[in-house]
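Visitor: Before anything else, here's the structure in question.
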Amino acid sequence: KAGVTQTPRYLIKTRGQQVTLSCSPISGHRSVSWYQQTPGQGLQFLFEYFSETQRNKGNFPGRFSGRQFSNSRSEMNVSTLELGDSALYLCASSVAGRYTEAFFGQGTRLTVV
Amino acid sequence: AQSVTQLGSHVSVSEGALVLLRCNYSSSVPPYLFWYVQYPNQGLQLLLKYTTGATLVKGINGFEAEFKKSETSFHLTKPSAHMSDAAEYFCAVTFTGGGNKLTFGTGTQLKVEL
């Protein structure tokens with residue numbers, strides 16, 4: 001059974017640009033969550049999508065957005081990139097609505113220069 | 001609101017020694033608690049979880065943790081450390097109805113020395 005796939009693994013962008021990250025959950029998983037990991041702030045929850053609807057949202061500015069498609073694949077977008085957006089972005093998928101085990105992808109390392 | 005505190009950002013043990021990584025939580029409702037491990041440039045791998053039932057939870061790679069409600073703790077232990085255990089460990093909490101929003105501790109870097 002394939003795991004959570006995040007693409008790309010590494011990305012370098014310039015300040016002011018926008019970026020889209022992709023996450024393909026494990027087959028059959030309908031919940032996808034996104035986390036940002038930085039040395040200074042640690043692991044922080046961005047948002048969760050379940051059945052194409054945003055169910056939970058963390059405390060991030062509106063520049064961070066996401067969506068989920070009917071096949072449960074998810075994308076997150078960051079507009080007007082800032083240097084502080086440099087981070088490892090992790091996606092996690094789970095089977096269904098109530099909390100179940102979250103399986104994490106290997107992450108996308110975003111560097112903003 | 002929920003939170004997790006991991007005492008000790010760096011822990012060093014000798015190979016074969018006991019591993020003890022500390023985690024205390026704060027939650028106004030019954031929590032679900034987890035320990036994850038992260039190797040360099042990798043995602044998170046679940047070691048073990050407590051949701052309901054038995055308070056002593058056994059996980060992968062010989063790790064276990066005990067949920068102690070009276071102490072609001074969920075410390076991770078392993079009787080004998082191996083070099084391959086060197087990694088960063090994260091404690092996390094959520095609760096029933098919380099969806100999949102995990103609140104993580106700041107992590108503990110475990111170093112295993114010969």
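Visitor: Pick from region A:30-42 the residues that are over 15 Å from A:Phe103 (Cα atoms) and without any contact (Cβ under 8 Å) to a residue 60 or more places away in the chain: which of them is nearest to the other protein chains (Cβ to nearest Cβ)? Steps first, answer last, please.
Guide: Looking only at region A:30-42, we keep the residues that are over 15 Å from A:Phe103 (Cα atoms), and these are A:36-42.
With without any contact (Cβ under 8 Å) to a residue 60 or more places away in the chain added as a condition, the list becomes A:36, A:38-42.
Values: A:Gln36: 11, A:Thr38: 11, A:Pro39: 10, A:Gly40: 10, A:Gln41: 9, A:Gly42: 5 Å.
Once the filter is applied, the top-ranked residue is A:Gly42.
Visitor: Need pairs with beta-carbon distance below 9 Å; first residue under 15 Å from B:Gly43 (Cβ atoms) and within region A:4-24, second open to solvent by 70 Å² or more (accessible area, probe 1.4 Å) and of a type in the set (Phe, Trp, Tyr); sequence gap 6+ or separate chains.
Guide: Final answer for the pair search is A:Val4/A:Phe103.
Visitor: OK, next. Can you name the strands (runs of 3 or more DSSP E) wholly within region A:1-98 that have at least 2 residues being of a type in the set (Val, Ile, Thr) and open to solvent by 50 Å² or more (accessible area, probe 1.4 Å)? Talk me through it step by step, then tell me what you get.
Guide: On the way: elements: A:5-7, A:10-13, A:19-24, A:31-38, A:42-50, A:53-57, A:64-68, A:74-78, A:87-94.
Where strands (runs of 3 or more DSSP E) fall fully within region A:1-98 and carry at least 2 residues being of a type in the set (Val, Ile, Thr) and open to solvent by 50 Å² or more (accessible area, probe 1.4 Å), they are A:5-7.
Visitor: Oh, and also: Given the options B:Gly107, B:Gly62, name the one that is within 11 Å of chain A (Cβ to nearest Cβ), at pLDDT 95 or above and within 14 Å of the chain's Cα centre (by Cα).
Guide: Details: B:Gly62 fails: within 11 Å of chain A (Cβ to nearest Cβ).
Answer to the check: B:Gly107.
Visitor: Another question, then. Pairs please, first residue from region B:24-49 and more than 19 Å from A:Pro8 (Cα to Cα) and without any contact (Cβ under 8 Å) to a residue 60 or more places away in the chain, second anywhere and outside any strand (DSSP E or B) and among the hydroxyl-bearing types (Ser, Thr, Tyr), Cβ atoms under 7 Å, 6+ apart in sequence or on different chains.
Guide: The qualifying pairs are B:Asn24/B:Thr72; B:Ser26/B:Thr72.
Visitor: From A:Ser74, A:Ser51, A:Ser86, A:Ser93, grab the single residue that is of a type in the set (S, T, N, Q), within 13 Å of chain B (Cβ to nearest Cβ) and closer than 23 Å to B:Tyr89 by Cα. Steps first, answer last, please.
Guide: Working: A:Ser74 fails: closer than 23 Å to B:Tyr89 by Cα; A:Ser51 fails: closer than 23 Å to B:Tyr89 by Cα; A:Ser86 fails: within 13 Å of chain B (Cβ to nearest Cβ).
Unique residue meeting the criteria: A:Ser93.
Visitor: Got at least one residue in region B:30-44 being open to solvent by 60 Å² or more (accessible area, probe 1.4 Å), of a type in the set (Ser, Thr, Tyr) and away from every other protein chain (no Cβ under 12 Å)?
Guide: no
The values are calculated or read from the model by the stated rules, or taken from the named source; none is laboratory data. Source: prediction; values computed, not measured. Cβ atoms come from the backbone with ideal geometry, glycine included; neighbour counts cover every protein chain shown. Please note that ligands, DNA and RNA were not included when accessible areas were found on the heavy atoms of the full protein model with its side chains. Shrake-Rupley method; radii C 1.70, N 1.55, O 1.52, S 1.80 Å.
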